[in-house]
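Accompanying notes for the structure given below.
The values are calculated or read from the model by the stated rules, or taken from the named source; none is laboratory data. Just so it is clear, the model here is predicted, and its values are computed rather than measured. With ideal geometry, Cβ positions are generated from the backbone for all residues, glycine too; neighbour counts draw on all protein chains shown.
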Amino acid sequence: MIQDEAMPLPTQSPVSLHGSIQFDMHSVISGRTYRIFVYKPATSPPRTCYPVMVVTDGNLCFPLAATMAAAFELGGETALVVGVGYATDDPKKLFSLRARDLTPPTPLSGIPHMSGQPPINLEDYGGSENFYRFLIEELWPVIASTILLTPVTEPFMVIHGGACSPLTSYSTTRKHSIILSLRVRQSGGTSARCSTIYRVS
């Protein structure tokens, strides 16, 4: 029998993500504060250290990536997942903040304006070099020394959406690393772009 009055919800609490932590990290290079999400497997690393997967748009993409990593761990495949996001829970701010980090210097005439969006501010674009340097020079040493507990120099993989393609193209020009980019076909015909950063110095 359907009751006319809605029943109150039981006691609520925030959703927690198994094996995961988060912290805010200020970048001296970019002047921005990033929210870093980390999933560390409960099992021992398969070799000398865990494979590392870095996910941009961490506020949105990290929960899925961490959950999938935990599922694969049940089958013996382990990986450390690092999400790089921003210190805000406002979806509109997330998209405006990412535009600067994922694009190279671009003239105002080359930036399309979407209907219903605020006027374009050139300062909100063109920060891919500083973001790239943050990943390599600031974030990676912290992850290696405090999470992995080893001075790791092996490759790590960056998973990102199409908007990050300019960052991939830019990074291939840097002398101390090479990014190889490929598309991974998923069910339903959609695809994600993956990049592997190989440090060569």
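Key figures for this structure:
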| read-out | value |
| --- | --- |
| Members of the stretch 131-148 found to be touching a strand residue (DSSP E or B) at 6+ places or on another chain (Cβ under 9 Å) and in a helix (DSSP H, G or I), listed by number | 131, 132, 134, 135, 136, 138, 139, 140, 142, 143, 144, 147 |
| The one condition in (1) closer than 21 Å to residue 144 by Cα; (2) out of contact with any strand residue (DSSP E or B) (no Cβ under 6 Å at 6 or more places or on another chain) that residue 6 fails to fulfil | (1) |
| Residue 78 vs. criteria among the β-branched types (Val, Ile, Thr) and over 22 Å from residue 102 (Cβ atoms) | yes |
| Candidate set from the stretch 95-129 (those that are touching a helix residue (DSSP H, G or I) at 6+ places or on another chain (Cβ under 8 Å) and under 17 Å from residue 55 (Cα atoms)); member that is surrounded by the fewest Cβ atoms within 10 Å (Cβ to Cβ) | 99 |
| Neighbours by Cβ (under 8 Å, 6+ apart or cross-chain): first from the stretch 126-153, closer than 16 Å to residue 79 by Cα and of a type in the set (Ser, Thr, Tyr); second surrounded by fewer than 18 Cβ atoms within 10 Å (Cβ to Cβ) and at pLDDT below 85 | 150/48; 150/49; 153/199 |
| Counted residues, the stretch 100-128 - those being outside any loop (DSSP other than H, G, I, E, B) and closer than 24 Å to residue 23 by Cβ | 3 |
| The stretch 7-61: number of residues that are in contact with a Pro (Cβ under 7 Å, 6 or more places away or on another chain) and farther than 19 Å from residue 85 by Cβ | 1 |
| Tally of residues being among the small types (Gly, Ala, Ser), within 27 Å of residue 131 (Cβ to Cβ) and buried (at least 17 other Cβ atoms within 10 Å of the Cβ) across the stretch 29-85 | 8 |
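Residues are listed down the side, and each one gets a yes or a no for (1) modelled with pLDDT under 80; (2) of a type in the set (Phe, Trp, Tyr):
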{"position": "75", "(1), (2)": "no, no"}
{"position": "98", "(1), (2)": "no, no"}
{"position": "101", "(1), (2)": "no, no"}
{"position": "108", "(1), (2)": "yes, no"}
{"position": "122", "(1), (2)": "yes, no"}
{"position": "131", "(1), (2)": "no, yes"}
